[in-house]
Amino acid sequence: MPEPILSLRDVTLSLDGNAGRVDILHGITLDVAVGETLGLVGPSGSGKSSLLMLMGGLERATSGSIMAAGHDLSAMGEDALARFRRHHMGVVFQSFHLIPTMTALENVATPLELAGVDDAFDRAALELQAVGLGDRIDHYPAQLSGGEQQRVALARAAAPRPRLLLADEPTGNLDGSTGEAIMELLFGLRDRHGATLVLVTHAPELARRCDRVVRLEDGRVDTAEAAA
């Protein structure tokens, strides 16, 4: 069996809040195969987004180990994690996270420039064309609809041609028809670049598109469903 691109072993996450220490994730063990599409589902507060953030090195596990694309995320400092994400990972959030003072083209090109890509703006323009925004590259986020902003975010995540693509409720802030279009683009980008996709979603139709679905309950993998 080939080595998984993501491997989590007995991962826990606890955070300190105003009411004291809160346990978010409990003993998560999970492998994701190269090229797989994995859907993370479960009720609000079950730990889905927290688990995705751990996979992306955007949050640090309290205990356990996380290997991603052959790298031990727990052994890496913040600068090393940022470099790792820049070269190996694309992340799409529900709330877009575009830089408001940059055009669509600049938003997509900036991570490429930081990664040392010579043709950053040419590649960014091609990715925007691929998501149907070739005529909007000079527009700022405030001049774009929610669906168009999410398309920019998808182009930005896909432009570095990452091995891993993480998406946290990518259709959550969009209406039904716009969300459907974003879903098609997301899976199209996955197919075009051959990336492994891990997707947090509440949408059953989106989960059904995945190769495998893992359900979380109270910060734990639902073992009954995982075994089904």
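The values are calculated or read from the model by the stated rules, or taken from the named source; none is laboratory data. Because the structure is predicted, anything quoted here is derived from the model rather than measured. FYI the Cβ positions are ideal-geometry reconstructions off the backbone, even for glycines, and counts take in every protein chain you see. Quick note on the areas: whole protein, heavy atoms, side chains included, nothing else; ligands and nucleic acids left out. Shrake-Rupley method; radii C 1.70, N 1.55, O 1.52, S 1.80 Å.
Per-structure values
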{"read-out": "Residues (of a type in the set (Gly, Ala, Ser), buried (at least 19 other Cβ atoms within 10 Å of the Cβ) and more than 17 Å from Arg192 (Cβ to Cβ)) located in the range 87-108", "value": "Ala104"}
{"read-out": "Within the range 58-82, tally of residues that are surrounded by 13 or more Cβ atoms within 10 Å (Cβ to Cβ) and of a type in the set (D, E, K, R)", "value": "2"}
{"read-out": "Residue in the range 196-212 that is part of a strand (DSSP E or B), open to solvent by 40 Å² or more (accessible area, probe 1.4 Å) and at pLDDT 85 or above present", "value": "yes"}
{"read-out": "Any hit, the range 148-156, residues being in a helix (DSSP H, G or I), open to solvent by less than 30 Å² (accessible area, probe 1.4 Å) and polar (S, T, N, Q)", "value": "yes"}
{"read-out": "Test for Arg192: is it of a type in the set (Lys, Arg), at pLDDT 80 or above and either over 16 Å from the mean Cα position of the chain (by Cα) or surrounded by 12 or more Cβ atoms within 10 Å (Cβ to Cβ) (or both)", "value": "no"}
{"read-out": "One residue from Thr37, Thr29 being hydroxyl-bearing (Ser, Thr, Tyr) and surrounded by fewer than 17 Cβ atoms within 10 Å (Cβ to Cβ)", "value": "Thr29"}
{"read-out": "Flag for Asp122 being over 20 Å from Tyr140 (Cα atoms) and either in a loop (DSSP other than H, G, I, E, B) or more than 18 Å from the chain's Cα centre (by Cα) (or both)", "value": "no"}
{"read-out": "Subset of the range 126-162 [in contact with a His (Cβ under 9 Å, 6 or more places away or on another chain), modelled with pLDDT under 90 and not small (Gly, Ala, Ser)]", "value": "Pro160, Arg161, Pro162"}
{"read-out": "Filter result for Leu186 (outside any loop (DSSP other than H, G, I, E, B), among the aliphatic types (A, V, I, L, M) and modelled with pLDDT under 85)", "value": "yes"}
{"read-out": "Exclusive hit being touching a helix residue (DSSP H, G or I) at 6+ places or on another chain (Cβ under 7 Å) and either open to solvent by 60 Å² or more (accessible area, probe 1.4 Å) or of a type in the set (S, T, N, Q) (or both), set Asp175, Asp138, Asp122, Asp168", "value": "Asp138"}
{"read-out": "Residue in the range 146-153 that is closer than 13 Å to Ala104 by Cα and in contact (Cβ under 8 Å) with a residue 60 or more places away in the chain present", "value": "yes"}
{"read-out": "Failed criterion for Pro111 (all others in (1) open to solvent by 50 Å² or more (accessible area, probe 1.4 Å); (2) part of a helix (DSSP H, G or I) hold)", "value": "(1)"}
{"read-out": "Residues satisfying the stated conditions in the range 1-23, i.e. touching a strand residue (DSSP E or B) at 6+ places or on another chain (Cβ under 7 Å) and either among the basic types (Lys, Arg) or open to solvent by 40 Å² or more (accessible area, probe 1.4 Å) (or both)", "value": "Arg9, Asp10, Leu15, Arg21, Val22, Asp23"}
